[in-house]
Structures are given as C-alpha cells and as structure tokens.
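In what follows, a structure is listed as structure tokens, so that the remarks can point back to it.
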Amino acid sequence: MSRQKLIEMTRSLVKHGEADTMELVDDVVAVAASDYTDEDRFELEKDRIFKRLPLMVAPSCEVPEPGCYKAMEIAGIPVLVTRQKDGTAQAFLNSCTHRGNPVAQGSGKATRFTCGYHGWTFKNNGDLLAVASPKDFGTVDKAAFCLKKFPTLERAGLIWTTLDPESNLDIESYLCGYDELLEHFGFDNWHLFEQRTIPGPNWKTAYDGYLDFYHLPVLHKDTFGADFFNRANYFAWGPHQRLSSPSKFIQKTGSDEQLDLTEMDEKDWPIDALLQGVWTIFPHISIASFYGGGGRGAMISQLFPGKTVGESFTTQFYVMEHE
Ligand code: FES
C-alpha cells in the first residue's frame, strides 16, 4: 500500500519531468524577516513547538543494542535516550530525582547510571535502584523517585519523543502515516557510520534550506549539485513534507548511468528512485539519500534551536545500509 503511494508520487514526478513543468502555487509567498529574528517569537517557538511536539531524537542505529544510551539537550531540556533490556527505546528527563543533576553524559553503553553528585543509581529503564548511604539518608520510596519518562515511539528506524511527560499527543497520529513511507528506507537495519554537530543560524533559516532545491545548482555546484534541477514538487503528510525533482530520469544506484523511468515497468522502479529527494520531518529533520560504501546511505540532519534566536545547531548522522 505504501509502496503504491511511492509509485504514485514518482509517476507525478515523471509526468512533470516529461512536460518540463513543476507544481506552482497561485501567488508568491512572502515571509517577514522578523519571523527569523524576533526574540519573543523564538521563545514561543521553543515552548509551543520543541517542548510540545514529538521530536526525532535519534536514529535507532545510534542506540542499536540494549544498554546503549545518549544524553543530549533540547531547548534547554536535558534528555537521556536509552535502549532498554527488552530492546525498546525510552527517553527520560536527564535529571536526578534527588537534586536534579544530570545522571548521564555523552553516549556509550551502561545498564545503570550513578549520579555524580550524591551517588543515587538508576537503571536504564529509569527505576531508582539504590540510594547512597541509606542509613544516613533515611527511608526513600524508590518507586516515587524514578527518572521522569517522556512519551517515546520508535518507528521506521527512528526514535521520537515528546518533551512533556504529561503530553497526551499521540505520536503515531502526529506522523500522519509518513512513518509507513519512511519504513521503505529500512533504517531499522542500517548502521551509523559517522556523525558531527555543526553550528548554524536561526533554526528556521536552516530548516528553509531543507525545503528548497532552488539553491542546489548554485551553492552546491562544485560538489553534488551541478547536475540537479532547481525545481521541486512537494508532497505533504500533515506538517511533514517530501520534496523531489520532477524528472523521468534517475541515476542508477552506484553508477553514473541514468535510468529512464518511462522505459521501465513501474513495478521494476528501484526503491531509490521511489525515495529520491529530501524527506523532512517537522519541525527539525531532513533526510537526503546518497550512494556509498557499496550501498544506499542517507544523511539525517537533526536541527535544534540554539541559545539565542540567531543560533542553531545541527547534528548530521551518516547512516549506511551496509556496515
Ligand atoms: S543530585 Fe543526584 S544523588 Fe543528589
């Protein structure tokens, strides 16, 4: 069913490619520059978007096995993502339930976390395992002092979390079926090759770059972009958008050969033809495919607002089909 949707999109891209057209809206859309610089608006965006909506906090392959974890900070909130004993991923507020010290730093493998302040120890499922010097400290109802859990859902090899423990926003509904299409990448069996974090401008300036092919043949002319069209058609699932170039051609995986999709039966269209373009996940992710290491790869860019309205940071995960 979801493959059929991919075929329908590709059919539309091929049709526009043959006609040398793209989909256009009726009017030019102008956005006020102040939307990118207003400090009050920036605070609202952090509260109403990043602290309220589900966020893709990690590709599954970043915490591939039980015991793997990573600590991160999002809009000032310390977050801990763990892979638990039963294989499920869970995100927590990375804050000791005694006095709020972070219980984990960086990333690695650990089945328990001991707070560096007074030594309380938590399991990686959030349970409070032990209180240091219990005779001196006094009796504690451990069940009442577990790490605070954030609603978490793993789909399509990606882990989503809502940074509000009381949120009743259903993450699956929020994805609007987009996850079924992302499943076709097969990220749940892919491998993390490399990652890096880079600073950037206002988070929406950075996000706009995910939604715009206009710049590809200019800004990226010396690398991958010279042969790209500056056109894109957009497909939406709720706030999530895929954009892809209207064309009947697709580069054959791992070679310079161009395949003419009109000369092929639709059922033979390769999966990378069906997934081409950039897949954005609102409010902060883009996924762009490439070829490397003898197979398919993708750069998953994860964007967060920085400390001020004019700052953001992006972590780029290079994930590969083959280890
Ligand atoms: S703040 Fe963690 S044990 Fe005291």
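The values are calculated or read from the model by the stated rules, or taken from the named source; none is laboratory data. Note that the structure is predicted; figures quoted are calculated from it, not measured. Here the Cβ positions follow ideal geometry from the backbone for every residue, glycine too, while neighbour counts run over all protein chains shown. When the accessible area is computed, the model is the full protein with side chains, heavy atoms only, and any ligands, DNA or RNA have been set aside. Shrake-Rupley method; radii C 1.70, N 1.55, O 1.52, S 1.80 Å.
Points to keep in mind about this one:
- Note on ARG112 and THR37: the extension gain reaches 22.8 nm, defined as 0.36 nm multiplied by sequence separation minus the Cα-Cα distance.
- Euclidean distance between Cα centres, the range 41-92 to the range 266-312, Å: 19 Å
- Globularity index of the chain is 1.11 (Cα radius of gyration / 2.2 N^0.38 Å, N = number of residues).
- Linear extension gain, ILE77 paired with ALA236, 0.36 nm per residue minus alpha-carbon span: 54.3 nm
- For the pair GLU183 and THR223, label points projected 7 Å from Cα toward Cβ lie 3.3 nm apart.
- In plain terms, the bigger the Kirkwood radius, the slower the diffusion; for the range 202-257, with that radius from Cα pairs, at 37 °C and 0.692 mPa s, Stokes-Einstein puts D at 257 µm²/s.
- The modelled label-to-label distance for the pair VAL28/LYS85, using points 7 Å beyond Cα in the direction of Cβ, is 6.3 nm.
- The ellipsoid that matches the Cα gyration tensor of the range 78-214 has semi-axes, each √(5λ) in whole angstrom, of 34, 18, 15, with the longest given first.
- Probe 1.4 Å, protein heavy atoms only - accessible area per residue of the range 1-87 in square angstrom: 55 Å²
- Carbon and sulfur %, accessible surface of the chain computed with the full protein complex present, 1.4 Å: 51 percent
- Beyond 11 Å, the tail of the calculated P(r) for the range 225-265 holds 73 percent of the Cα pairs.
- On the principal axes of its alpha carbon atoms, the range 157-201 extends 34, 31, 19 Å, with the longest extent given first.
- Converting the Cα gyration tensor eigenvalues of the range 241-290 into ellipsoid dimensions via √(5λ) gives semi-axes, longest first, of 23, 12, 9 Å.
- Pairwise Cα inverse-distance average, inverted: Kirkwood Rh of the range 251-323 (Å): 14.3 Å
- Evaluated at q = 0.09 Å⁻¹, a Debye calculation over the C-alpha positions of the range 166-323 (equal weights, vacuum) places log10 I(q)/I(0) at -0.32.
- Most mobile of VAL81, VAL28, VAL14 in a GNM of the chain (Cα contacts under 10 Å): VAL28
- In this rough spin-label picture, where each label sits 7 Å from Cα along the Cβ direction, the ALA132-LYS148 distance is 2.3 nm.
- For the range 34-134, the pair-distance distribution built from all alpha carbon pairs, in bins 5 Å wide starting at 0, is 2, 12, 21, 19, 16, 12, 8, 5, 3, 1, 0 percent.
- Accessible area per residue in Å² at 1.4 Å probe, computed on the range 248-291: 47 Å²
- Solution diffusion estimate, µm²/s, Stokes-Einstein, the range 168-234, Kirkwood Rh from C-alpha pairs, 4 °C, viscosity 1.567 mPa s: 84 µm²/s
- Cross-link pairs LYS148/LYS307; LYS5/LYS307; LYS51/LYS109 - those with Cα-Cα distance over 30 Å: LYS5/LYS307
- Selection among SER60, THR114, TYR36 by position relative to the dipole of the range 1-122 gives THR114 as farthest towards the positive end (Cβ unit charges, Cα centre).
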